[in-house]
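Here is the structure we will look at.
The values are calculated or read from the model by the stated rules, or taken from the named source; none is laboratory data. Just so it is clear, the structure is predicted and the values come from calculations on it, not from any experiment. Don't worry about glycine lacking a Cβ; one is built from the backbone with ideal geometry, like all the others, and counts go over all protein chains shown. With ligands, DNA and RNA removed, areas are computed over all heavy atoms of the protein, side chains included. Shrake-Rupley method; radii C 1.70, N 1.55, O 1.52, S 1.80 Å.
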Amino acid sequence: MKERTSIIYANNATTSWPKPTGVAEAMVHALDCKGSANRGGGQSSVEVEHLMQHARAVCARYLGVTDLDNLMFVPSATHGLNMVLQGYLKPGDAVIVARAEHNAVLRPLFALQQKGIELVWVPMAPGGYIDLAELEELLKIGEEQGRSFKAVICRHGSNASGALQPLGDVVLLAHQYGAVAISDGAQVAGHVPVNLEQLEVDAWVCSGHKGLLGPKGIGLMYLAPQFDLDITVWGGTGYGDADYLCEDHIRPICYEVGTEPLPAVCGLQAGIEWLEMHPDAYKHTDRLGTELRRRLAGIEGIRVLGPTENTPHLPLVPFVCEHIPPKVFGVALEQKYGIISRTGMHCSPDAAKVLGAYPEGSVRLSLGPFNTAEEIDAIVAAVTEIAATR
């Protein structure tokens, strides 16, 4: 691990820091590799292919995926979600969307809405959770009206409220009524044990640079065996011939077009291997997050948003102060106390509306495995002191 400075980093939901030392080492090693995967049959190409497949195996093992061909590397969670939504939904399809999704889901959906897909919103229950009763009611009404829904879209965990959604229940309901389940797992991976095959989710996408402790520029896209997408990005792999330039749906390569991002892939592998070597890291982070949520809720003038300490949540705590705007509060935290947070609507304006924090948003403190109990004490003391100013 890199040597810590005097700052307290509480912005891991944006990107994790510090990274395990092995991440940079793996990336440097990858930079020294010659050639590229599937570009010739020489030893250098074979070496890169081996590194890619080994990294894929590590990622698949960590996420509970047995068939490596169903797990693809993507440039980011946003890119992967766009691939899923634009490659699966067609004009005339109707989908149910959980209110308060991230813009990485909402913006491609709004673009698709202009092309003829129908969006039906399921409301959120208190704490920022999807309302399962309302979801089932919408699915039931659709079935009674002879209008089947193509998909239910619900992120696995919220970056705005910290709510850990009951994704297993969402998947079961979707499948019961003939819909697929699509989920944004960007905030969950690395913070919560995940077994994608046991979840039976149809499509699930995550970032590599947040809880998985990898670098920016890499993410993972899981597609269930029966779930195929139209290819929306075409590349120049060695497959195919002059008479048929469009690739067949050969996983994973049909979804991994272009030159492989080997340094980022190897860095992601190293981040996951660190997590595997520290299996209790997520419990440590969860304990700190629960403690922070409980203690901030007791500060006069502070309103903690989202779940209570006794309901499923991620190690991130958003809050608002009744008399200090979030941006001003965040600047004070960093300039006076060296505490790095994030302020605003966190790319989720609908979530801010649901949580009663629109349009200014909230101050969000998000933790990682390298945070300490002493830092929680310092954060609570700083928030208490700032909130007491008038």
Checklist entry - With Rg and the Kirkwood Rh both taken from Cα atoms, where does Rg over Rh land for the stretch 29-178? => result 1.09
Checklist entry - Could you give the dipole magnitude of the chain about its Cα centre, charging the beta-carbon of Lys and Arg +1 and that of Asp and Glu -1, in debye to the nearest 20? => result 1220 debye
Checklist entry - Seen from all sides and averaged, what is the projected area of the convex hull of the Cα atoms in the stretch 139-239, in nm²? => result 8.7 nm²
Item to check | Scattering profile of the chain at q = 0.08, 0.11, 0.12 Å⁻¹ [log10 I(q)/I(0), Debye over alpha-carbon scatterers] | outcome: -0.43, -0.81, -0.95
Checklist outcome for this item: Rounded to a whole number, the Stokes-Einstein D of the stretch 259-327 in µm²/s (Kirkwood radius over Cα pairs; 37 °C; 0.692 mPa s) is 224 µm²/s
Checklist entry - If the stretch 293-346 were replaced by its equivalent ellipsoid, with semi-axes equal to the square roots of 5 times the Cα gyration tensor eigenvalues, what would those be, largest first, whole Å? => result 20, 13, 11
Item to check | Whichever aspartates and glutamates have a C-alpha closer than 12 Å to that of LYS34, once near sequence neighbours (fewer than 8 apart) are set aside | outcome: GLU47, GLU49
Checklist entry - Accessible area per residue, 1.4 Å probe, Å², for the stretch 24-173: what's the number? => result 43 Å²
Item to check | Percent of beta bridges antiparallel (DSSP, the chain, rounded to nearest 5) | outcome: 60 percent
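Hey, what's the Cα Rg ratio for the stretch 202-343 versus the globular rule of thumb, 2.2 N^0.38 Å?
Its radius of gyration relative to the 2.2 N^0.38 Å reference: 1.50.
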Checklist entry - Which of ILE299, ALA224, MET345 sits farthest toward the positive end of the charge dipole of the chain, with +1 on the Cβ of Lys and Arg and -1 on the Cβ of Asp and Glu? => result ILE299
Checklist outcome for this item: Bounding extents of the stretch 81-134 in its principal axis frame from Cα atoms, largest first in Å, are 32, 20, 15
Item to check | Length-normalised contact order of the chain in % [C-alpha pairs under 8 Å, at least 6 apart] | outcome: 23 percent
Next on the checklist: Under 10 Å, Cα contacts only: if you run a Gaussian network model on the chain, which one of LYS115, LYS327, LYS210 comes out with the highest mean-square fluctuation?
Outcome noted: LYS115
Checklist outcome for this item: Cβ-Cβ cut-off under 11 Å around ARG147, Lys and Arg +1, Asp and Glu -1: the net charge is -3
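About its Cα centre, what dipole magnitude does the stretch 1-151 give when the only charges are +1 on Lys and Arg Cβ and -1 on Asp and Glu Cβ, stated in debye to the nearest 20?
480 debye
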Checklist entry - If you take the Cα Rg of the stretch 271-390 and divide it by 2.2 N^0.38 Å, with N the number of residues, what do you get? => result 1.07
Checklist outcome for this item: Comparing VAL363, VAL257, VAL205 in a Gaussian network model of the chain (Cα, 10 Å), the one with the largest mean-square fluctuation is VAL257
Item to check | Principal axis dimensions, the stretch 350-390 - Cα atoms, whole angstrom, descending | outcome: 34, 32, 10
Checklist entry - Which links in LYS115/LYS150; LYS216/LYS336; LYS210/LYS283; LYS210/LYS327; LYS90/LYS353 stretch past 19 Å when you go from one Cα to the other? => result LYS216/LYS336; LYS210/LYS327; LYS90/LYS353
Checklist entry - Percent of accessible area on the chain owned by carbon and sulfur, 1.4 Å probe? => result 53 percent
